[in-house]
Amino acid sequence: MNITAVNQSDVCQEYSCPGRSVSLSVYVILYVAAASVSLLTVCGNLLVIISVSHFKQLQTPANILILSLAVSDFLMGVFVMPLYLSWLVESCWTFGSMMCLVFNFVTFQATSVVSVHTVALIAIDRFLALSSPFIYSQKVSPTVICIVTLFNWLFSLIYNFILLFLNGNFTIVMCPGTCVYIMDGVSSLIDLLIVLLMPCTLIIILYTHVFVIAKRHATAIRALQVHNSTGSSKNRVSDKSERKAAILLGILVIVFLLCLLPYYICSLVIPYSNADLFYVRNVAVIFFFLNSTINPIIYALFYPWFQKSLKLIYTFKVFNKDSSLMNVL
C-alpha cells in the first residue's frame with residue numbers, strides 16, 4: 001500500500017479528534033452497518049475456507065489460490081475492517097499506539113502483497129491451464145500450488161516487516177487520535193512497483209491472453225462438433241470446463257482491480273496533508289476493503305461447487321462420516 005511522504009507534525013495537527021458530530025441514532029446506524037459488513041466478510045470467507053479445506057474434490061490448484069485469497073479476506077473481516085470502520089465512525093483512533101502498529105502490519109499483510117499477488121497467481125494458473133493443458137495437468141498439482149502459496153505469504157511477511165520496521169524509511173504516526181503511516185519517496189516507489197504496477201500489469205496481460213485463447217478454443221470446438229467420438233467429447237468437456245473457470249475467475253480479477261485502483265489513484269494524486277480531500281481517500285479505502293466482502297458473494301452467485309458446499313454446511317452434513325468425499329461438483 002502506497003502513501004506519499006508527509007510531515008508528522010502536520011498530520012497530528014490536521015487530524016486531531018474533532019469529537020462526535022452526529023446524532024445518537026445516526027451513530028448507532030453507522031456502527032450497525034460497520035458491524036454488519038465485518039460480519040458478512042468474516043462469515044462469507046469462513047464458508048469458503050471450510051468448503052475448500054473440507055471437501056477433497058474442491059482441492060484443485062485454482063481453488064487453493066481461492067482459499068489463500070479467502071484467508072486474506074477473512075483476516076480483513078476479523079481484524080482490519082472493524083478497527084478501520086470504527087475509526088471512521090469516531091473520527092478518531094481510540095485503540096492506542098501498539099494496536100496502531102499491529103493494525104498497519106496486518107493491513108499491509110492482508111491487502112497488499114498477499115491479495116494482489118494471489119490474484120496474479122490466479123491469472124498465471126488460468127493462463128497455463130488454457131495455453132498448455134497437458135503440461136499444466138502434469139506439472140501443476142495441488143501440492144505445487146500449496147508450496148507457491150506458502151512462499152507468497154512468507155514473502156509478504158518478510159517484505160512488510162522490512163518495509164514497516166527495518167528500513168528506517170517508514171514511520172507510523174501515533175499522535176493522539178491518529179494512526180497514519182508515512183513512507184519516504186524511494187520506499188513508496190518500490191512499494192508501488194511491487195504491490196501495484198508489476199502484478200497488475202501481469203494480470204492484465206495474462207487475462208487478455210486467456211480470453212483470446214478461450215475464444216480460439218470455443219471456435220475450434222464449434223468446428224469439431226460434427227465429430228461424436230468419445231475422445232473428442234471428453235476433450236470438449238475439458239476445454240469447456242477450463243474456459244468456464246477462466247471466465248469466472250476473470251470476473252473475480254476484474255472486480256478486484258476495480259476495487260483496488262481507486263485507492264492507489266487517490267494515494268498518488270491526493271497529498272495526505274490535504275484534509276479537505278481526506279474523505280475521498282476514505283471512500284477509496286472502503287472500496288478496497290469491501291472487495292473482501294464481495295468475493296464470497298461472487299463465489300455464491302457463479303460457482304456451483306460453492307452453492308452445493310453451502311447446502312452441506314448449512315444442513316450439518318459436513319459432520320457425517322466421510323463427508324469430505326462427497327460430490328460437490
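The values are calculated or read from the model by the stated rules, or taken from the named source; none is laboratory data. The structure displayed is predicted, hence computed values, not measured ones. Backbone-built Cβ (ideal geometry, glycine too); neighbour counts: all protein chains shown.
Restrict the check to region 297-306 and report whether at least one residue is modelled with pLDDT under 85, hydroxyl-bearing (Ser, Thr, Tyr) and either buried (at least 18 other Cβ atoms within 10 Å of the Cβ) or touching a Cys at 6+ places or on another chain (Cβ under 6 Å) (or both).
yes
How about region 59-112: which helices (runs of 4 or more DSSP H) wholly inside it have at least 2 residues that are in contact with a strand residue (DSSP E or B) (Cβ under 9 Å, 6 or more places away or on another chain) and not charged (D, E, K, R)?
Details: elements: 61-75, 81-90, 96-108.
Output list reads 81-90, 96-108.
Select, from 291, 282, the only residue that is crowded, with 18+ Cβ neighbours inside 10 Å and within 30 Å of residue 265 (Cα to Cα). Outline the logic, then answer.
On the way: 282 fails: crowded, with 18+ Cβ neighbours inside 10 Å.
Being crowded, with 18+ Cβ neighbours inside 10 Å and within 30 Å of residue 265 (Cα to Cα) holds for just one of 291, 282, which is 291.
Any idea which residue in region 130-166 is surrounded by the most Cβ atoms within 10 Å (Cβ to Cβ), counting only those that are closer than 24 Å to residue 71 by Cα and among the small types (Gly, Ala, Ser)?
Once the filter is applied, the top-ranked residue is 156.
Conditions tested, residue by residue: (1) closer than 22 Å to residue 125 by Cβ; (2) surrounded by fewer than 23 Cβ atoms within 10 Å (Cβ to Cβ); (3) at pLDDT below 90.
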position	(1), (2), (3)
37	no, yes, no
40	no, yes, no
48	yes, no, no
53	yes, yes, no
68	yes, no, no
74	yes, yes, no
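For residue 113, state whether it is touching a residue at least 40 places away in the same chain (Cβ under 8 Å) and touching a Phe, Trp or Tyr at 6+ places or on another chain (Cβ under 7 Å).
Values: touching a residue at least 40 places away in the same chain (Cβ under 8 Å): yes; touching a Phe, Trp or Tyr at 6+ places or on another chain (Cβ under 7 Å): yes.
Criteria met by residue 113.
Could you check how many residues of region 192-209 are farther than 15 Å from residue 247 by Cα and of a type outside the set (A, V, I, L, M)?
Here the count works out to 3.
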